[in-house]
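S.K.: To start, I am sharing the structure in question, which I have written as structure tokens.
The values are calculated or read from the model by the stated rules, or taken from the named source; none is laboratory data. Keep in mind it's a predicted model, so treat the numbers as computed, not measured. Note: ideal-geometry Cβ built from the backbone for every residue, glycine included; neighbour counts use all protein chains shown. These accessible areas exclude ligands, DNA and RNA; they are computed on the full protein's heavy atoms, side chains included. Shrake-Rupley method; radii C 1.70, N 1.55, O 1.52, S 1.80 Å.
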Amino acid sequence: MEIQHIRNVAIIAHVDHGKTTLVDQLLYQSGMFRSAELDKLAGGQHNLVMDSDPLERERGITILSKNCAVNYTTPDGEEYKINIVDTPGHADFGGEVERVMKMADGVILIVDSFEGPMPQTRFVLGKALENGLNPIVVINKADRPDARCDDVADEVFELLIQLGADDETLDFPIVYASAKEGWARTDLDSGNDNMKPVFDAIIENVPAPACDEKTPLQMLVTTLDYSEYVGKIAVGRVFAGRIEKAQKVTVIDKQGKHTLQKIVDLYEFEGLGKRPVDWIECGDICAVAGLEPVDIGNTIACPDKPSPLPIISVDEPTMTMT
Ligand code: GDP
């Protein structure tokens, strides 16, 4: 898929504000919004990324799957892939929050319509701003009888001012949602009954990845995964060049040591799973199997011109939770 049609977004929230439910809804509704034209071609079938059955079975485990991807087709037929990366909400995971945000070009900030911003909202939002990521604010649980949507929107604005946000960031898009009931609205009175406004806000407000496809490969390893079939899996974002299956690469560790290795399998994210692919373009997020040694913070580079990406800072949390 072309870079212009990829979006990398991190999802951040205080615990229980509805991150899991919202991602589940996006996965569930992904692929439903197609033009009448495309629908006709598809024989009137709505093309869900996954059947609802396997999806139902996988529900509840999104919290464990750190990356997922949803496909979205705009009403005029443009197809997008949205990579969604999960971030731990707690300050104890300060280093991990930092790392995960390196993969994203924007964030979805979920705030409970009654509780408003909480300590973890502040912590993760502060990290997003430090990393130059602007938020799309989703005021969730708008179905609650005690919802205070307008007040909560004002509280988020205040919080952004306290965190030193610039004017552009303060002009954040707001979506009111009930992830539980599956609807989102930019105007609460609109009566819209699906999640389309969230998809649209992502497409419109999160910039497409910026990178130069002609430069040699550089991929930053952000997380590690493990499968009993293929062993260790390195997950991260390709910042330069492109990565190919069966390609020889140089893995550069944090001490600057180089090891020449070969990629066995390459995957992109699709729904809650991974799909084998032959190559991944710069700007996309992928999973690589067959490398050992490999670790978080390593750069996977082109053997002809191996150059490391800046080492990810893993600073300790500065905030005490109250
Ligand atoms: P997470 O900790 O941020 O992942 O939050 P969850 O998605 O697990 O949601 C926490 C609780 O809030 C669960 O009991 C959900 O059913 C509930 N919840 C999530 N979204 C909504 C919503 O839109 N409306 C209401 N009323 N409850 C919600």
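S.K.: Taking LEU170 and the conditions (1) over 25 Å from GLU96 (Cα atoms); (2) free of Cβ contacts under 8 Å to residues at least 12 places away in the same chain; (3) more than 16 Å from the ligand (Cβ to nearest atom); (4) not β-branched (Val, Ile, Thr), which numbered condition does it fall short on, given that it satisfies the others?
M.R.: Result: LEU170 fails condition (2) only.
S.K.: Hey, can you tell me all the residues within the stretch 214-224 that are open to solvent by 10 Å² or more (accessible area, probe 1.4 Å) and more than 15 Å from CYS282 (Cα to Cα)?
M.R.: Hits for the stretch 214-224 are THR223, LEU224.
S.K.: Determine whether the stretch 120-131 contains at least one residue that is farther than 30 Å from ARG237 by Cβ and within 16 Å of the ligand (Cβ to nearest atom).
M.R.: no
S.K.: Tell me the helices (runs of 4 or more DSSP H) entirely within the stretch 97-204 that contain at least 3 residues that are open to solvent by less than 60 Å² (accessible area, probe 1.4 Å).
M.R.: Because the criterion is at least 3 residues that are open to solvent by less than 60 Å² (accessible area, probe 1.4 Å), the helices (runs of 4 or more DSSP H) in the stretch 97-204 that meet it are 119-130, 149-162.
S.K.: Can you say whether SER65 is open to solvent by less than 50 Å² (accessible area, probe 1.4 Å), within 14 Å of the ligand (Cβ to nearest atom) and modelled with pLDDT under 65, as far as the supplied structure shows?
M.R.: yes
Conditions (1) at pLDDT 95 or above; (2) farther than 24 Å from GLN4 by Cβ, marked per residue:
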{"residue": "GLU270", "(1), (2)": "no, no"}
{"residue": "GLY273", "(1), (2)": "no, yes"}
{"residue": "ASP278", "(1), (2)": "yes, no"}
{"residue": "CYS286", "(1), (2)": "yes, no"}
{"residue": "ALA289", "(1), (2)": "yes, yes"}
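S.K.: Taking only pairs six or more apart or across chains, which ones have beta-carbon atoms under 7 Å, a first residue in the stretch 146-162 that is within 13 Å of PHE172 (Cα to Cα), and a second residue that is among the basic types (Lys, Arg)?
M.R.: Matching pairs, first to second residue: LEU159/ARG122.
S.K.: Scan the stretch 178-186 and tell me whether some residue there is under 23 Å from LYS274 (Cα atoms) and either within 16 Å of the ligand (Cβ to nearest atom) or among the charged types (D, E, K, R) (or both).
M.R.: no
S.K.: If you don't mind, there's one more thing I want to ask. If I filter the stretch 5-29 down to residues being more than 9 Å from the ligand (Cβ to nearest atom) and not in a strand (DSSP E or B), which single residue comes out as most open to solvent (accessible area, probe 1.4 Å)?
M.R.: Applying the filter and picking the extreme gives TYR28.
S.K.: Right, something else. Select from the stretch 254-281 the residues that are over 28 Å from THR20 (Cα atoms) and either without any contact (Cβ under 8 Å) to a residue 24 or more places away in the chain or not β-branched (Val, Ile, Thr) (or both) and list them in ascending order.
M.R.: If the condition is that a residue be over 28 Å from THR20 (Cα atoms) and either without any contact (Cβ under 8 Å) to a residue 24 or more places away in the chain or not β-branched (Val, Ile, Thr) (or both), then LYS254, GLN255, GLY256, LYS257, HIS258, LEU260, GLN261, LYS262, ASP265, ASP278, TRP279, GLU281 are the ones that fit.
S.K.: Check whether at least one residue in the stretch 81-88 is of a type outside the set (Val, Ile, Thr), within 22 Å of the chain's Cα centre (by Cα), within 28 Å of THR299 (Cβ to Cβ) and at pLDDT below 95, and report yes or no.
M.R.: Yes; the residues of the stretch 81-88 include at least one that is of a type outside the set (Val, Ile, Thr), within 22 Å of the chain's Cα centre (by Cα), within 28 Å of THR299 (Cβ to Cβ) and at pLDDT below 95.
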